[in-house]
Amino acid sequence: MKKVLISFILMVFTLSFPLFTYGQENVSPITVYPVLPENQIGQQTYYHLSVEPGQEQTIYIEVDNVSNDEQHVMLTAVDSFTGPQGGILYEEEMDPSISRLLYPDLALSNFLSIPEEVTIAPGETERIPIELEVPTIESGTMIGAVRILAIGTDEDEGEIDQEDIANVTIRNRISFITAIQLDLPDQPEANFSFGEVGTRTAPTGTELVVEMTNDAQMILRGTTGTYEVEFEGEQLFAGEWDEFTMVPNSQISFPVLWEADELAPGEYTVRLQANVLGKEINEIRTFTIEREQAREHEQQQQQDVITETAIPWWVWVLGAVLLVVVFAVAFLLGRRKT
């Protein structure tokens with residue numbers, strides 16, 4: 001009886017905790033190498049080319065099939081977007097309320113021609129051409145990329161995940177991003193500006209949103225800044241932006257967590273400062289919060305409090321299991337005495 005009791009307790013104890021399993025790490029069936037041409041600037045692992053207006057050029061990318069199976073490879077020209085908090089993202093498109101290009105006709109994908117799909121035999125290498133045509137602009141930088149997606153064989157199952165990430169395995173599909181940067185002879189002057197400000201509701205809470213624009217054909221690096229939010233003459237909160245990068249001709253809605261406890265109806269003042277390539281920019285913006293917005297903010301805060309204080313479901317399950325164990329032990333011990 002003692003052995004049965006111990007076995008029962010051990011079984012319940014084991015079931016009370018999650019079991020973690022680790023799958024075998026997937027290995028990419030292909031490798032990707034850019035073939036750097038003579039007009040390459042530096043020895044980066046991406047294309048960084050010195051070009052002239054109207055220049056036409058064919059560059060090549062080598063894709064090796066290192067697997068024992070035939071591989072179907074899909075290629076897509078993608079554009080560069082500024083991330084919501086700065087940085088470079090390579091996507092076919094983005095939500096324009098978060099990040100957008102000011103002049104879509106100048107996006108690099110419009111000037112690239114590549115095969116849509118290539119089939120590579122096991123152990124073989126395919127040199128794939130990328131034809132580029134530089135637009136007739138006198139100065140600046142253009143940046144984009146080619147996405148190479150290995151989708152395996154016809155027998156592979158599953159759909160392509162639209163949120164595939166460079167160099168990360170998704171089911172049987174591997175995605176690589178090879179960036180392409182074209183530098184024209186001259187560089188324009190920086191043209192950074194602040195736009196509208198306001199608030200929006202996000203999963204993490206209410207956010208202050210500041211519109212920022214890089215209206216120049218250049219990669220704008222190293223921008224920093226500060227912000228102060230005031231209401232009825234009193235400062236509610238303040239903060240600063242770390243260095244961030246914006247791609248050419250782009251606009252973002254930069255989110256900042258609303259750090260004040262309340263969001264009352266009325267007019268707010270935002271003092272903005274940015275340091276752009278050594279030049280200081282100071283602006284003042286105002287926005288108005290309506291009663292409905294203030295009510296939504298209050299409801300979300302109440303919901304967050306409930307979520308934070310709620311007892312996790314697994315605590316209830318564990319408590320029930322332990323209660324069963326206690327009753328079982330008491331029953332068996334009482335039966336043994338009898």
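Observations, loosely collected:
- Condition met for Val63 (hydrophobic (A, V, I, L, M, F, W, C), touching a helix residue (DSSP H, G or I) at 6+ places or on another chain (Cβ under 7 Å), modelled with pLDDT of 95 or more and not assigned by TED's automatic domain parsing to the domain that holds Phe244): no
- Options Glu207, Glu243, Glu196; residue that is in the same structural domain as Thr269 (by TED's automatic domain parsing), crowded, with 17+ Cβ neighbours inside 10 Å and of a type in the set (Asp, Glu): Glu207
- Here Glu259 qualifies as modelled with pLDDT under 95 and either outside the structural domain of Leu106 (by TED's automatic domain parsing) or surrounded by 12 or more Cβ atoms within 10 Å (Cβ to Cβ) (or both).
- Residue within the stretch 46-58 that is out of contact with any strand residue (DSSP E or B) (no Cβ under 6 Å at 6 or more places or on another chain) and either over 28 Å from Glu138 (Cβ atoms) or modelled with pLDDT under 50 (or both) present: no
- Within the stretch 33-44, residues that are under 22 Å from Ile148 (Cβ atoms) reach partners that are at pLDDT below 95 and loosely packed, with under 14 Cβ neighbours inside 10 Å with beta carbons closer than 8 Å, at six or more positions or on different chains, in the pairs Pro34/Thr45; Leu36/Gln43.
The values are calculated or read from the model by the stated rules, or taken from the named source; none is laboratory data. In this text the structure is predicted, and so the values were computed from the model without any measurement. So basically every Cβ, Gly included, is an ideal-geometry build from the backbone, and we count neighbours across all protein chains shown.
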